[in-house]
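Since the structure comes first, as structure tokens, the remarks are kept for the end.
The values are calculated or read from the model by the stated rules, or taken from the named source; none is laboratory data. These figures come from a predicted structure and were not determined experimentally. FYI the Cβ positions are ideal-geometry reconstructions off the backbone, even for glycines, and counts take in every protein chain you see. Areas reflect the complete protein model, heavy atoms only, side chains present, ligands, DNA and RNA absent. Shrake-Rupley method; radii C 1.70, N 1.55, O 1.52, S 1.80 Å.
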Amino acid sequence: MPDQPFRPLTSYLIRKTTLWASICTLLLASVQGWLSYQTVTERSLARLEQVALAQAPAYAEAVWWVDIVSVRLMLEGLRRTTDIGYAEIREPSNYAPVSNRREFKVAVQDGDVRCKTRCASTTAPLLRNGLQEPIGELFLTIDPRLVYLEVGRTVAAVLVASVLSTCLLLAVIILILRRDLQRPLTRLSRFVNDLAAAELTQKLDLQRPPRRHRDEIDQVDEGFQLLQARLAQHIHTLEEKVADRTAHLAQALAELQTLSTTDALTTCRNRLYFSQQLSMEILRAQRYQRPLSVVFCDIDHFKQVNDVHGHAAGDQLLKATGQILRGALRASADWVARYGGEEFVLVLPETGLSDAVALAERIRRQIAEGAGIRLPDGSVLKRTMSFGVAELAPDEAESALLQRADHLLYEAKRGGRNRVCAAEPVTV
């Protein structure tokens, strides 16, 4: 579109490539960070287990002699000199054990208590010579700050290396795109924009250096030259082709108009055609003071057909009814439309009330006394119709005419169905 801003394709590809390269770099750094975190955590935990096993005898001795001050100082020193975030000494609980496993409670602790539940940890039993059961436990957790520091260094190194390699790769891609894509496409765009009708056969020259293989730009160049040749060949027969296409289009539009105004099931006119055409029929009748009648007709007890025999039988009944109604009308003037559901409306130009009533009565008898429709199970389905007939009064509005005909139809329904109800037009 002319109002849209221009954006070179090369710039768009560069931005897209940069975006996805950045996303890939971040994903790579995230994966590397996760792997580094796992590795550092495992290494720190293994080192922590060695420290716990090495320090357990000394703590067992201090706990045995109930030297709480020494235990506290030892824990503080151990935490400060190693990669330990939290340490505690646990002693047996005074309560009776619930199971065979001995319960322990915290006796002395040091460090950040939050590390107790958030960081990897290890436990070493405090054993005393001569005793079968441990006299306590040494509980240690790793220091998360040291782990995060080492992981951060690893991720930073990966990011720096990835960013440098990505920038180098992007620089090469940008050079290639500008040379092999942007320049030929710019020349092609300028050539097309400057091309006049008198220069239609002018040769396109993209000024590309010779190459061993052809690519898509070569195909565009060849396709454009082929298009120029075909345009030059058919320029003299353009008017004939346009006229031929116009005739086909008019025919297609006529067919489309017919389809859009025809009910697909009954092949009668649809509600859209009825709404558009009835106003013109009324206007013509009032202008030339000619009679016009409208007949509303409805299949009696149609809902029972769908409920008892299924919708397929209902559709079959609607088709047969539409065929009877169309066959009873004058092909040159009258027409029938499916008004909705099982309700139809007959529009009868040049027809007074008495003739319209006679026509409705003939159709009623034909449907009521006819052979009906044969269902797939072999049974025969017969139905009746009710009719409401109204003639257009002078200066009567369309809505008033339809309301009178519809009211008469419902009078026929209330009067026992299978009948025709009509009334003389009321002078407005």
Once neighbouring chains are kept in place and the probe is 1.4 Å, which whole percent of the accessible area of the chain is contributed by carbon and sulfur? 56
Provide the per-residue ³J(HN,Hα) series for the range 294-309, in order, calculated from phi with Karplus coefficients 6.51, -1.76, 1.60 and θ = phi - 60°, each as a whole number of Hz, with x at glycine and proline positions. 10, 10, 8, 9, 9, 6, 6, 6, 5, 4, 5, 4, 5, 5, 8, 9
Longest principal axis of the chain (C-alpha) makes with the long axis of helix 311-327 (C-alpha) an angle, in degrees to the nearest 10, of 30
Per-residue accessible area, 1.4 Å probe, largest first, puts His248, His309 in the order His248, His309
Hey, quick one: spin label on Ser399, modelled 7 Å out along Cα-Cβ, who in the range 277-299 has an amide N within reach, i.e. under 18 Å? 277-280, 282-283
Points 7 angstrom from Cα along the Cβ direction at Leu381 and Thr18: gap in nanometres? 7.0
Calculated from DSSP H runs of 4 or more alone, at -39500 (n - 2.57) each and per residue, what is the 222 nm mean residue ellipticity of the chain, nearest 500? -19000 deg cm²/dmol
Computed label-point distance, nm, for sites Leu28 and Tyr410 using a 7 Å Cα→Cβ extension: 7.8
Shape call for the chain, from the Cα gyration tensor axes a ≥ b ≥ c (a/c under 1.5 means rounded, otherwise prolate when a/b beats b/c, else oblate), comes out oblate
Unpartnered Cys in the chain, judged by a 4.7 Å Cβ-Cβ cut-off, are Cys24, Cys167, Cys268, Cys297, Cys421
Quick one: what are the phi-derived ³J(HN,Hα) couplings along the range 156-166, Karplus 6.51/-1.76/1.60 with θ = phi - 60°, whole Hz, x for glycine and proline? 4, 5, 5, 4, 4, 5, 5, 5, 5, 5, 5
Angle, helix 9-64 long axis vs. longest principal axis of the chain, Cα atoms, 0 to 90°, nearest 10? 40
Taking the dipole of the chain about the Cα centre (Lys, Arg +1; Asp, Glu -1; charges at Cβ), the one of Ile373, Ala29, Val347 that reaches farthest to the positive side is Ala29
Amide H neighbours of Ala120 under 5 Å, counting only residues 5+ apart in sequence or on other chains, H built in-plane at 1.01 Å? Ile142
When the chain is fully extended, how far beyond the present Cα-Cα distance does Tyr37 get from Thr246, taking 0.36 nm per residue of separation? 68.0 nm
Mind giving me the nanometre distance, one decimal, between the label points for Glu61 and Glu350, set 7 Å out from Cα along Cα→Cβ? 12.9
accessible surface per residue for the chain, probe 1.4 Å, DNA/RNA/ligands not counted, whole Å² -> 63
